[in-house]
1. Positive end of the dipole of the chain, charges at C-beta (+1 Lys, Arg; -1 Asp, Glu), about the Cα centre: which of W171, G210, V190 has its Cα farthest in that direction?
2. Under a point-charge model restricted to the Cβ atoms of Lys and Arg (+1) and Asp and Glu (-1), what is the dipole moment magnitude of the range 1-154 relative to its Cα centre, in debye to the nearest 20?
3. Tally the DSSP beta bridges in the chain and give the antiparallel ones as a percent, rounded to 5.
4. For the charge dipole of the chain, defined by +1 on Lys and Arg C-beta atoms and -1 on Asp and Glu C-beta atoms about the Cα centroid, which residue among L65, G263, T77 has the Cα displaced farthest towards the positive pole?
5. If packing is taken as the average count of other Cβ atoms within 10 Å, what order do 88-94, 244-250, 161-167, 34-40 fall into, highest mean first?
6. Give me D for the range 194-318 in µm² s⁻¹, whole number, from Stokes-Einstein with Rh from the Kirkwood sum over alpha-carbon pairs, 25 °C and 0.890 mPa s.
7. Kindly rank 148-155, 2-9 from highest to lowest mean number of other beta carbons found within 10 Å of each residue.
8. Past 28 Å, Cα to Cα: identify those pairs from K128/K281; K154/K237; K154/K229; K128/K204; K55/K192; K128/K304, in the order given.
Amino acid sequence: MNTDVIALGELLIDFTMNGLSGQGNNLYEANPGGAPCNILSMLSKLGRRTSFIGKVGSDQFGRLLRGTIEDVGIDSTYLLNDPDVPTTLAFVHTLPDGDRDFSFYRKPGADMMLKPSEIKEEMFEGAKIFHFGTLSMTAPEVREATLKAVDIAKSKGMIISLDPNLRPPLWDSMESAREQMLKAISLCDVLKISDNEVQFVSGKDDYDEGIRFIREQFNPKLICLTLGKDGSRAYYKDLRVEVPGFKQENTIDTTGAGDTFCGCMLDGILADGLEDLNEDKLRGMLTFANAAASLVTTRRGAIKSMPDRDEVKALMLG
């Protein structure tokens, strides 16, 4: 199977607030989610071939998630079912400023049950990029499975992509979170990291100083820093490129915005490679990714909400 991007990690249901009932109770919409498949969904919308490695429960939510990723064009061959542990659930509480607070039902969840023995070399045949996050490093066995997948991908010459995707409630301690995030960063070629995450892993308030810390320690080939509504930056060799965000008056849910950005970033790498990027290519990549991320905030959920290339270009043209 010739795959452009294969990702490993969590696949879950995001229950997002969607108004009030007649009795004044919060209504929640069951949105398929999980950062790795959000990213793959964006890539699939852009015409890339994608595949996912992960685990869901043998329950109604697991069946919903399998059907959903298949509907958006993600290959589900390596999506496994756990007969005993239910699919992970997350309740997303939207704050007045559009930011989010998460409550997870994952003690454990099926995504944590992925075993090293279930990671096979043939999963990676023909793929160009392997993407992962750190939610699959919050427990020992799934962490071992993740690291095995990285090792196989590296042995096959694939580009290793990381989005740390810090979710404090899922870690035993913030010390453990930082340790595993730094371990993951040491393994990647491409890093997509948010403003609060770079401060967390580096201990630096200034973003440039935080990126300098990461590059001195590990030196990924490309780092893209997302700044929410303020846009993004790319750090590549001696280049630092910053592009403002697209102001969006119709934001209703920021879930998946960073994942949308990451998917577009990987699409740019598939188009231009990772060895000879210049300022114009980086600026184009960031502009496209910023626009796509802006669009997805106007829709609820992520996997089913990704814009296509024409929609993104239309926003870029104003």
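Every read-out reported here was derived from the displayed coordinates using simple, explicitly stated rules and does not represent laboratory data. What you see is a predicted model, and the numbers here were worked out from it, not measured in a lab. In this analysis, Cβ positions are derived from the backbone assuming ideal geometry, glycine residues included, and neighbour counts consider all displayed protein chains.
1. My answer, from the dipole projection, is V190.
2. The dipole of the range 1-154 has a size of about 180 debye.
3. Approximately 45 percent, going by the DSSP bridge assignments.
4. Result: T77, furthest along the dipole toward the positive end.
5. 34-40, 161-167, 88-94, 244-250
6. So the translational diffusion coefficient is about 165 µm²/s.
7. Ranking the peptides 148-155, 2-9 by packing returns 2-9, 148-155.
8. K154/K229; K128/K204
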